[in-house]
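Student: One structure is given below, represented as C-alpha cells, and several questions about it will come after.
Bear in mind these aren't lab numbers, they're just calculated from the coordinates by the rules spelled out. Predicted, not measured: the structure shown is a model, and the values here were computed from it. Note: ideal-geometry Cβ built from the backbone for every residue, glycine included; neighbour counts use all protein chains shown.
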Amino acid sequence: MSVAIGAMLKKVGTRIVTRQHQLMLCYECLKYSRTIVVTGGEPLTWNMHPLVSALKAKGMQVYVETSGAYKLTGDWDWICLSPKKTAKPLEAYYNAAHELKVIIYNKTTLSGLKNMPRRCTKVANCFYSQNGVNAKK
C-alpha cells in the first residue's frame, strides 16, 4: 500500500520546510504505509529535500511522480517522469528517472516524445496513456 501526499502538500504550501510540518506529515503517513508517493500538482515546485529526508529517517521508501520541469530536490527511491506537453523535462531527469509515463494527446505529442524512452537510461517501466486508456509498452 502506498500513500500519496500531494493533497497534504497543497494544504501547507511553502511552509513545508518547517520541522513541525515535516514531522506531522511523517507521522500521518506512517499510519498507512511504509511507502510514500509524492504526487499531485507538481511537488517539485517546492524544495523536497527536508521532507524526503525526514520520511527516509523514519525508514520509509519515498517515490515521486513529476513532470521534470523543476529542479530535482530530495534523495528519492523511485522517480516517475511524467512530462507534460507544455514544458520539457530538465536534462537531469533523463538519467534519474526509473519510470516514464507519457500522456498521448495526439500524433504530434507522440512524435515529439519518440526518443524520450531511449534517453531515460534507468527506466524500468514505460507507460503510455491515450484518451484515458492505459497501455504498458
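Student: What is the set of long-range amide H partners of SER82 at a cut-off below 5 Å, with H atoms built 1.01 Å from backbone N?
Tutor: THR66, SER67, GLY68, LYS101
Student: What pairs in LYS56/LYS85; LYS56/LYS101; LYS56/LYS122; LYS88/LYS122; LYS31/LYS85; LYS31/LYS71 have C-alpha atoms more than 28 Å from each other? Present the calculation step by step, with values, prior to reporting the outcome.
Tutor: On the way: LYS56/LYS85 32 Å; LYS56/LYS101 25 Å; LYS56/LYS122 22 Å; LYS88/LYS122 18 Å; LYS31/LYS85 36 Å; LYS31/LYS71 30 Å.
Listed pairs above 28 Å: LYS56/LYS85; LYS31/LYS85; LYS31/LYS71.
Student: A further question follows. Straight-line reach only, C-alpha to C-alpha below 20 angstrom: list the aspartates and glutamates that LYS84 could link to, leaving out same-chain residues fewer than 8 apart.
Tutor: Of all the aspartates and glutamates, those that pass the test against LYS84 - Cα under 20 Å, at least 8 places apart if same chain - are GLU42, GLU65, GLU99.
Student: Are there trypsin sites (Lys or Arg not before Pro) in the range 72-102 that DSSP puts in a loop and that have at most 15 other Cβ atoms within 10 Å, and which ones? Present the calculation step by step, with values, prior to reporting the outcome.
Tutor: Values: sites: LYS84, LYS85, LYS101; in loops: LYS85.
Within the range 72-102, the qualifying trypsin sites (Lys or Arg not before Pro) (loop, at most 15 other Cβ atoms within 10 Å) are LYS85.
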